[in-house]
1. What does the charge count near Ile146 come to, summing +1 for each Lys or Arg and -1 for each Asp or Glu among other residues with Cβ under 13 Å from its Cβ?
2. What net charge is computed for the residues neighbouring Thr92, neighbours being all others with C-beta under 15 Å from the C-beta of Thr92, Lys and Arg scored +1, Asp and Glu -1?
3. Starting at the first residue of the range 174-186, write each ³J(HN,Hα) from the Karplus equation 6.51 cos²θ - 1.76 cosθ + 1.60 with θ = phi - 60°, in whole Hz, x for Gly and Pro.
4. Can you list the residues, at least 5 places off or on another chain, whose amide H is less than 5 Å from the amide H of Tyr170, using H built in the peptide plane?
5. With a/c under 1.5 counting as rounded, go ahead and sort the range 65-185 into rounded, prolate or oblate using the C-alpha gyration tensor (a ≥ b ≥ c being the square roots of the eigenvalues; past the cut-off, prolate if a/b is larger than b/c, else oblate).
6. In nm, to one decimal, how far is the Arg125 label point from the Gln70 one, both placed 7 Å along Cα→Cβ?
7. Please give the net charge around His108, taking every other residue with its beta carbon less than 14 angstrom from that of His108, where Lys and Arg add +1 and Asp and Glu add -1.
Amino acid sequence: MQASLFLILMLMTAVAAHGEIYTWEDESGQKHFSDTPVHGSELYSGGTMNTMHNPANNLGSLRKEVRYRQLGTSMMVSGRVNRIPVDFVVDTGAGLVVIPPAVARRAHIPLDGAVAVELQTANGRVKVPMVVVEKLEIGSLTARGISAAVQDIKGDGRTGLLGMNFLRSYKMTVDHNRSMLYLEPR
């Protein structure tokens, strides 16, 4: 008796757990998936799926693409500090974002009174001013009020480091074939 009751419960659970996934494309050509059919949707028939249509929790739509360019062994991304263009080396070994002094001046970030911090660099320990950047933009991603060290890392006055105090907020995937970084909020 217990075995047949257990079998019935297992079958009911399996039937209740079965669901279908539907897919459709919107006007912009973006593909959507949902467990609820909408007008014009088709039954999804397999393949990989990284997005579920759920307006309250659509994590796939939060993933941002950032194009990078290879410069020697470095991945470079374009960004802005308070609307001033900056080239950043993507550096998962750097704890902080680093901006050059020329960018800090152009972005109206005061260095007078900034606290000096000691950083370990490839060339040894250095003391540099620590500032707060009002707005840091990388592609369509924006960080506000992020700490940055001020140091000229390449001598060109326009190259900085994109360090872990920015990157740790994202799961980063690198697509070398497309020269693309995919950043998803953690």
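1. On the way: positive: Arg80, Lys135, Arg144, Arg168; negative: Glu134, Glu137.
Neighbourhood net charge equals +2.
2. Working: positive: Arg168, Lys171, Arg186; negative: Asp91.
Around Thr92, the surrounding residues sum to +2.
3. Result, ordered by residue: 10, 10, 5, 5, 9, 6, 9, 9, 10, 10, 10, x, 7 Hz.
4. Placed amide hydrogens put Arg186 under 5 Å from Tyr170.
5. In terms of gyration-tensor shape, prolate.
6. Using points 7 Å along Cα→Cβ, the separation is 3.7 nm.
7. On the way: positive: Arg80, Arg83, Arg105, Arg106, Lys135; negative: Asp112, Glu134.
Local charge sum for His108: +3.
Bear in mind that the values in this text are calculations on the coordinates, not laboratory data. As the structure is a computational prediction, the values presented were derived from the model and not from experiment. Cβ sites come from the backbone with ideal geometry, for glycine too, and all protein chains shown count toward neighbours.
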